[in-house]
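For reference, the structure discussed in these notes is given below.
Any read-out appearing in this document is the output of simple, stated calculations on the displayed coordinates, not a laboratory observation. Nothing here was measured: the structure is a model prediction, and the numbers come from that model. Using ideal geometry, Cβ is built from the backbone for each residue, glycine included, and neighbour counts are taken over all protein chains shown.
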Amino acid sequence: MRAVMHMDLDTFFVSCERLMDRRLIGKPVMIGGTSDRGVVAACSYEARKYGVHSAMPMRMAKQLCPDAIILRGNSGVYSKFSNMVTDIIKEEVPLYEKTSVDEFYADLTGMDRFYGCHKFASELRQRIIKETMLPISFGLSQNKTVSKIATGEAKPNNEIEVSKGTEKTFLAPLSVKKIPMVGDKTYRTLCDLGVKRIKTIQEMPIEVMEKVFGKNGIMIWKKANGIDNSPVIPYQERKSISTERTFDKDTIDTVKLEGILTAIAENLVYQLRRGNKLTACITVKIRYSDFQTYTLQKRIPYSASDNTIIPLVMELYRKLYQRRMLVRLIGVRFSHLVEGGHQINLFDDSNTIKLYQAMDHIRERYGDRSIMRASGMGAKSISRWNPFNGEPPPLLANRRR
């Protein structure tokens, strides 16, 4: 009998922020673009009570919840916490799938013969909570679909097991919107047909769903009936990292553009070194006010060196920026990533590697932008931590060594 566990870190971005600033606990928090052009990337349960949800325009979210605390967020910090959870799962589970920064599947098939799948899953969840202090929920069943829906029902910070043979009973009273792959458009169509509960789909002939939705209708019917044979796909390391910046107002300020590109590149190179990665391909992206988008890339010897990569980023930018019109977005991407520490060049200053290590140690302790190039200081939102405000972020007391 298969046993598939689905795990989801509850309001992950918000939970990370609350670990670093306990004053946020119990308050409505929204994370995302702070301008009217921005969108909500994540929000706390307190904000959701006002109708706020992810992907909502920030302008609308502010109107619904004017007292919310709005943070731009820090992808580097979230990646750090995500990697901590991944390391624990990797150590405990032989076959797992990481589907996003805060979501995992684990195949526990066979565990019931020796230990008990639910007991193992519960103890894994408790270990994650103890070592990272992050709330996490899980669902356990015979397949990925039922487990994922069960996790949603278990939240916040709880667990649910759906035993063999009870899948249809468990799913029946739930909204059809709970079914993975049922988006807003499909939901509206189902409502127009008078279908609001999963039980109704369970009672419908599969041919009716196919006639209305095509092949997707067959998949929706199977999921509604708790049928899903898809495997847990072994996790593979990401092959690229990137950062993009969309401006509040389109700009032609070249000093500003170069400063932000420098800050983006410097932060990404730090992420490489922190993850023990090297890159062999650099890409720079520009989107103009007319939404025309251009990219330029260059292959390089594997590197995680500031003084190798940052000048190349600026070189690509200067070649790419030819239209001399307002810019809406700029971005940098490092791809063709491989495992490996930085190798110092034979002709480099022998103190360069020590300099990187010292800089990275400061960033690790006080935030990504606690030390930076002067030319990149104008990019205030690459990281939210300000090293001069007298309140450096606290160390992660339970961080795994």
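Annotation: extensible slack from residue 64 through residue 86 equals 4.4 nm (criterion: 0.36 nm per residue apart, minus Cα-Cα distance). Between region 236-282 and region 5-65, the alpha-carbon centres lie 24 Å apart. Straight Cα distances below 16 angstrom link residue 196 to the lysines 168, 177, 178, 185, 223, with same-chain residues fewer than 8 positions distant left out.
If a spin label sat at a point 7 angstrom from the Cα of residue 103 along the line to its beta carbon, the backbone N atoms of region 8-24 nearer than 12 Å would be those of 8-9.
Taking the number of Cβ atoms within 10 Å of each Cβ as an exposure proxy, the fewest-first ranking of 178, 223 is 178, 223. Legend: residue pairs 80/285; 256/277; 80/164, Cα-Cα distance threshold 32 Å; pairs beyond threshold, 80/164.
In this simple spin-label model, placing a label point 7 Å from the Cα along the Cα-to-Cβ direction at both residue 307 and residue 112 gives a separation of 6.1 nm. The Cα trace of region 168-224 gives Rg and Dmax of 9.9, 26 Å, the first to one decimal, the second as a whole number.
Taken one residue at a time, the phi angles of region 112-120 give Karplus couplings (6.51, -1.76, 1.60, θ = phi - 60°) of 5, 6, 10, 9, x, 4, 5, 5, 4 Hz. Gly and Pro are set to x. Between residue 200 and residue 133, the contour length at 0.36 nm per residue exceeds the Cα-Cα span by 20.1 nm. Modelled label positions at residue 358 and residue 166, each set 7 Å beyond Cα in the direction of Cβ, lie 6.1 nm from each other. Amide H contacts under 5 Å for residue 29: 44, 46, 47, 69, restricted to partners 5 or more places along the chain or on a different chain, H placed in the peptide plane at 1.01 Å from N.
Each residue, residue 227 and residue 177, gets one label point 7 Å from its Cα in the Cβ direction; the gap between the two is 2.7 nm. Phi-derived couplings, Karplus 6.51 cos²θ - 1.76 cosθ + 1.60 at θ = phi - 60°, listed residue by residue for region 185-195: 5, 5, 4, 5, 5, 4, 5, 4, 8, x, 9 Hz, with x used for Gly and Pro.
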